[in-house]
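Colleague: For reference, the structure I am asking about is given below.
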Amino acid sequence: MRLSSNSEYDDLRSAVREVCDRFPGEYWRGLEPDRYPEEFVAALTQAGYLGALVPEQYGGGGATLTEASVILEEISASGGNPSACHAQMYIMGTLLRHGSDEQKEQYLPQIADGSLRLQAFAVTEPGAGSETTKIRTKAEKVDAGWLVNGQKIWTSRALYSDLMLLLARTTPYDDCVKKTDGLSTFLIDMRKVDGITIKPIATMMNHNTTEVFFDDALIPDEALIGEVGKGFRYILDGMNAERILIASECLGDGRFLLERAVQYANSREVFGGPIGANQGVQFPLARAYAALRAADLVRFEAARMYDAGQKCAEEANMAKLLASEASWAAANASLDAHGGFGFAVEYDIERKFRETRLYQTAPINNNLVLAYLGQHVMGLPKSY
Ligand SMILES: Cc1cc2nc3c(=O)[nH]c(=O)nc-3n(C[C@H](O)[C@H](O)[C@H](O)COP(=O)(O)OP(=O)(O)OC[C@H]3O[C@@H](n4cnc5c(N)ncnc54)[C@H](O)[C@@H]3O)c2cc1C
């Protein structure tokens, strides 16, 4: 199922599909509840897609964000779950934009060739939730580097990553003039640091998420990215890319769910005809299709602006909001169209239903996207 009349990326889509075709539904079902897709990640790395956003000078693909978004969309549309790959694409951006030349030369070539994984992004904390500036994990300057103490939650893929991007407080909240000050970003090589304990969290879909405890974890000075106290801005910088990539995964999910629903609704006969002829089945599918197409346009617009170096927070947030809502509409319509078989594991509908639901909550809840649009774009009063 096509969403866009734009054929510019057809070759890229077919090439990604060739890799994905080696990993059918049985593969993804077999990973449940919580096995990391090692084989898929290896194949994607080998084909050059995992390092697509790493600039060519560091051995990567030098792709645009638009191309990266198409890669993730195709993985989702094939029935796969790109959650193991998207993080490497957007976390790397913080290193690229704000890391020193030495840090980039040290890490980016190995990230590009897959010998090093940068998949863990440790921001959220149990006590702070969406209010990121209230995080309490602190990094204290000592002679030998930085001493980190605290706890993160929902740090996905931490058990399968070598490197972790950590946001920690380096100046107490009450001592800061602006609440976004006093936070710093560190790139930690978890293989070389003691005092980090990682515990998996069982969730309703396979996402390899964890909680991470820092207990006097000593990290070297070289782990600091950019300037002390500017970490919140560095993280925010990467969030537009993240929102656009997540939107693309939702679009792929929606395509998969509708494609399967159309196939089923055309072939399943009850009361003497295909169930898809009934408007109760057909219209929710058509409505979800229209919503996906609209979200797709906003995704391409957001990605185009990002690639052109323009400010795109409004468009990136809208793309994530609209695409996650459209894929959820597609999930419900597809589950309904499949009747009882929608709940049967072997059809992959219930799996995609669970996978795509996450994106209304993470990486940012849609309520907060709406608050951003209302308060920062439209000029309505602030709620926080
Ligand atoms: C599977 C999974 C993977 C994740 N992976 C990562 C990861 O890799 N790294 C990472 O750092 N984080 C990760 N997260 C965390 C995710 O980003 C947070 O769950 C999310 O940002 C919301 O935070 P919270 O769960 O504490 O909800 P809360 O902030 O407690 O919010 C709870 C509810 O209240 C609503 N709410 C709160 N404040 C307002 C307001 N002002 N206006 C309106 N509504 C409001 C929210 O929208 C939400 O519905 C992941 C989460 C999940 C579930």
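Where a number appears in this text, it was derived from the coordinates with a stated rule and is not lab data. It should be emphasised that the depicted structure is a prediction, and the values quoted were computed from it without experimental measurement. Because the Cβ atoms are built from the backbone with ideal geometry, glycine has one as well, and the counts that use them run over all protein chains shown.
Colleague: Using Cα-Cα distances under 8 Å and only pairs 6 or more residues apart, what relative contact order does region 233-377 have, in percent?
Modeller: 31 percent
Colleague: Write down Rg/Rh for region 233-377, rounded to two decimals, with Rg from the C-alpha atoms and Rh from the Kirkwood relation over Cα pairs.
Modeller: 1.06
Colleague: Next up: Can you figure out the FRET efficiency of Thr133 with Gln263, using R₀ = 35 Å and their beta-carbon distance, to the nearest 0.05?
Modeller: About 0.15, to the nearest 0.05.
Colleague: Which of Val70, Val262 has the fewest other C-beta atoms within 10 Å, and how do the rest follow up to the most?
Modeller: Ordered by Cβ neighbours within 10 Å, fewest first: Val262, Val70.
Colleague: Shifting gears a bit: Rank these for me by crowding, Tyr90, Tyr173, Tyr372, going from fewest to most other beta carbons within 10 Å.
Modeller: Tyr173, Tyr372, Tyr90
Colleague: Fully extended, how many nm does the chain gain between Leu218 and Thr171 (0.36 nm per residue separation, minus their Cα-Cα distance)?
Modeller: 15.2 nm
Colleague: Where a Cα-Cα gap under 17 Å defines reach, which lysines qualify for Lys134, not counting those fewer than 8 residues away within the same chain?
Modeller: Answer for Lys134, where 17 Å is the Cα cut-off: Lys152, Lys178, Lys179, Lys230, listed by chain and number.
Colleague: Classify region 102-247 from the C-alpha gyration tensor, please: rounded if a/c falls under 1.5, else prolate or oblate depending on whether a/b exceeds b/c.
Modeller: rounded
Colleague: Run lengths n ≥ 4 of DSSP H only: what is the helix-derived mean residue ellipticity at 222 nm for the chain, with -39500 (n - 2.57) per run over all residues, to the nearest 500?
Modeller: Taken over the chain, the calculation gives -15000 deg cm²/dmol.
Colleague: By the scheme Lys and Arg +1, Asp and Glu -1, what is the net charge of all other residues having a beta-carbon under 13 Å from that of Leu373?
Modeller: +1
Colleague: Using unit Cβ charges (K, R positive; D, E negative) and no other charged atoms, how large, in debye to the nearest 20, is the dipole of the chain about its Cα centre?
Modeller: 1020 debye
Colleague: Straight-line reach from Lys382: which aspartates and glutamates have a Cα under 12 Å away, not including same-chain ones fewer than 8 places off?
Modeller: Correct list for Lys382: empty, as no aspartates and glutamates qualify.
Colleague: How do Cys312, Cys250, Cys176 line up, fewest other C-beta atoms within 10 Å first?
Modeller: Cys176, Cys312, Cys250
Colleague: Between Glu56 and Val377, what is the label-point separation in nm under the 7 Å Cα-to-beta-carbon projection?
Modeller: A separation of 3.5 nm, rounded to one decimal place.
Colleague: Local charge sum around His338 (other residues, Cβ-Cβ under 12 Å, Lys/Arg +1, Asp/Glu -1)?
Modeller: -1
Colleague: Give me the extension gain from Ile201 to Gln310: residue separation times 0.36 nm, minus the current Cα-Cα distance, reported in nm with one decimal.
Modeller: Difference between extended and current length: 35.5 nm.
Colleague: Among Pro200, Pro33, Pro274, which one moves the most in a GNM of the chain with springs linking Cα atoms closer than 10 Å?
Modeller: Among Pro200, Pro33, Pro274, the largest mean-square fluctuation in the Gaussian network model of the chain belongs to Pro274.
Colleague: Would you please state which residues of region 309-333 a label at Arg287 would reach in this model, taking the label point 7 Å out along Cα→Cβ and a backbone N cut-off of under 17 Å?
Modeller: Only 322-333 fall inside the zone, counting backbone N under 17 Å.
Colleague: Is the shape of region 199-240 best called rounded, prolate or oblate, per the rule: a/c under 1.5 gives rounded, else a/b larger than b/c gives prolate, else oblate, with a ≥ b ≥ c the square roots of the Cα gyration tensor eigenvalues?
Modeller: Oblate, because a/c is 1.5 or more while a/b does not exceed b/c.
Colleague: May I pose another question? State, to one decimal in nm, how far the label point of Phe343 lies from the label point of Arg29, with both points 7 Å from Cα in the Cβ direction.
Modeller: If labels sit at Phe343 and Arg29, their model points lie 1.7 nm apart.
Colleague: I've got another one for you. Just to be sure I understand the rule: take each whole DSSP H helix in the chain, project its Cα atoms onto its long axis, keep it if the span is 20 Å or more and its mean Kyte-Doolittle hydropathy is at least -0.5. Which ones pass?
Modeller: Counting only whole DSSP H runs, the qualifying helices are 83-98, 231-267, 279-307, 313-337.
Colleague: A follow-up question, please. Would you work out if region 5-72 is rounded, prolate or oblate? Take a ≥ b ≥ c from the square roots of the eigenvalues of the alpha-carbon gyration tensor; rounded if a/c is under 1.5, else prolate when a/b is larger than b/c, oblate otherwise.
Modeller: oblate
Colleague: Given the C-alpha centroids of region 3-38 and region 167-182, what is the distance between them in whole angstrom?
Modeller: Each part reduced to its Cα centre gives a spacing of 42 Å.
Colleague: How much length is gained if the chain between Phe271 and Ala294 is pulled fully straight, taking 0.36 nm per residue apart and subtracting their Cα-Cα distance, in nm to one decimal?
Modeller: 4.8 nm
Colleague: Here's a follow-up. In percent, how large is the relative contact order of the chain, given Cα pairs closer than 8 Å and 6 or more residues apart?
Modeller: Relative CO of the chain lands at 16 percent.
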